[in-house]
Amino acid sequence: KKYLEESSERKILYNEVIELKGNIRVFCRCRPLSQVEISNGSSSVVEFDSSQDAELQIISSDSSKKQFKFDHVFRPEDGQDIVFARTKPIVTSVLDGYNVCIFAHGQTGTGKTFTMEGTPENRGVNYKTLEELFRIAGERGGVMKYELFVSMMEVYNEKIRDLLGENSNQPTKRLDIKQAADGTQEVPGVVEASVYNTEEVWELLKSGNKVRSVGATNANEMSSRSHCLLRVTVRGTNLMNGQKTRSHLWLVDLAGSERVGKIEVEGERLKESQFINKSLSALGDVISALASKTSHIPYRNSKLTHMLQSSLGGDCKTVMFVQISPSSLDLGETLCSLNFASRVRGIESGPARKQV
Ligand code: ADP
């Protein structure tokens, strides 16, 4: 009974939080100005309206303002708990059998990893989600039996690596995407680690992150040029009628979206940035096709969208965090990210409303 009550409570919350208009939500999160930016004298170009929690305005160098509207805008002072409160009803619906994808998109340094992974003192969406999944699974113990599995993959230059497949001294396993008999996309051979508590997941993430940076001259650089995907598979059995469910939650820290100057880029770096551009625009195309309910959804244009095909669209739920920097020095990239996000959401941005 409690399970049913909670499930319908969550449905109400879900509908309340995100209104009844499709399954795709775009949240914008603006990080605070950093100490370095403050001491460099760079100012904030982002303005928030105290009565509008879904809008922001960008002040351009010629002082003109451009307004953007999303499903919600998180401000620099909004902490991890506030962000998670809005995300929670969506991510935990994986226990009700929904497939869910959460993406963090934006220029390097805007807080993608902070939002998804967080820090040990300030844990992000990934950790808080797992904590919540274990909590609800425990509470439903009399009605549902849940098993949780975690996989961790990286897409770098359109190649998929299994980050839990090997230890850091060995080359990582190459993976590919196959269509299963039921038409869903699978990644055969990927390690699915059975997990029972958040600490185990945290340890797995640490070991996956170590593997991720092997071969990179700079771990930070590597993480900004590849997509990191954490997949939580939930297998549920209804103890009353024996019915079984299987659903996926994907938590995706995308590669940095910054454009790299033509002059400074050549060789490997150029190839990398072309692969990143291609996959980020493929993702944008898929989400905007889904939002506009187009019949052809171009999943096959990148490994990322192809791999997520079964978890994007239909009654799957999608959240994109568009991360931005408030700094005047990042204005160009901020506008690019906001325009990308507006296109994804199918919402036109426009000149700022007149202040009265
Ligand atoms: P990205 O993953 O986009 O490259 P990071 O998550 O590494 O960016 O964030 C860059 C820096 O900014 C980190 O030091 C991070 O702790 C800090 N930061 C990002 N977002 C916030 C925030 N909302 N509040 C406080 N610090 C933040």
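Residue count for the stretch 223-247, restricted to those that are among the hydroxyl-bearing types (Ser, Thr, Tyr), surrounded by 21 or more Cβ atoms within 10 Å (Cβ to Cβ) and at pLDDT 95 or above: 0. In the stretch 282-303, of all residues being of a type in the set (D, E, K, R) and more than 17 Å from the chain's Cα centre (by Cα), the one that is surrounded by the fewest Cβ atoms within 10 Å (Cβ to Cβ) corresponds to 293. Residue 250 meets each of the listed conditions (1) at pLDDT below 85; (2) touching a helix residue (DSSP H, G or I) at 6+ places or on another chain (Cβ under 7 Å) apart from (1).
When each of 62, 71 is tested for being without any contact (Cβ under 8 Å) to a residue 12 or more places away in the chain and either farther than 26 Å from residue 245 by Cβ or of a type in the set (S, T, N, Q) (or both), the lone residue that passes is 62. Go through the stretch 259-282 and give me each residue that's at pLDDT 90 or above and within 16 Å of the ligand (Cβ to nearest atom). Within the stretch 259-282, 276, 280 qualify. Assuming residue 108 fulfils every condition listed in (1) crowded, with 21+ Cβ neighbours inside 10 Å; (2) in contact with a Gly (Cβ under 8 Å, 6 or more places away or on another chain) apart from one, which condition is it? Of everything listed in (1) crowded, with 21+ Cβ neighbours inside 10 Å; (2) in contact with a Gly (Cβ under 8 Å, 6 or more places away or on another chain), residue 108 misses just condition (1). Exactly one residue among 67, 57, 80 is within 16 Å of the ligand (Cβ to nearest atom), modelled with pLDDT of 90 or more and at negative phi, and that residue is 80.
The values are calculated or read from the model by the stated rules, or taken from the named source; none is laboratory data. Only a predicted model underlies this, so the values are computations on that prediction, with no experimental measurement involved. Backbone-built Cβ (ideal geometry, glycine too); neighbour counts: all protein chains shown.
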